[in-house]
């Protein structure tokens, strides 16, 4: 089986600008413009999500899709995590149409 090698995320002139808490390399989407995954997620939630209970799974779907392949050995794992949160979000949306927040809380696994 072919192994996957995550891309290196060091950009010219920015070799030492990342750390493991405040500026994690696999969350830097457009480093030249200083745009991070969390900024994209926050804006997408503002534009697309009306119910607060759907923001968390929606944000996690985006997070895992946006960072997949940027961590060593993390492509498939991040895709599976995104899939898991997407299933949960779909379940939330379907249940909210059938009975509101009480159904959502009861069906969470």
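Points to keep in mind about this one:
- If the chain linking residue 33 and residue 53 were pulled fully straight, counting 0.36 nm for each residue of separation and taking away their Cα-Cα distance, it would gain 4.1 nm.
- Taking 7 Å steps out from each Cα toward its Cβ at residue 91 and residue 79 produces label points 2.2 nm apart.
- Mean separation of Cα contacts under 8 Å (6+ apart) over length of segment 52-94, as relative contact order %: 47 percent
Quick note: the coordinates plus some simple rules give every number you see, no bench work behind them. Source: prediction; values computed, not measured. As a convention, Cβ positions derive from the backbone with ideal geometry for all residues, glycine included, and neighbour counts pool all protein chains shown.
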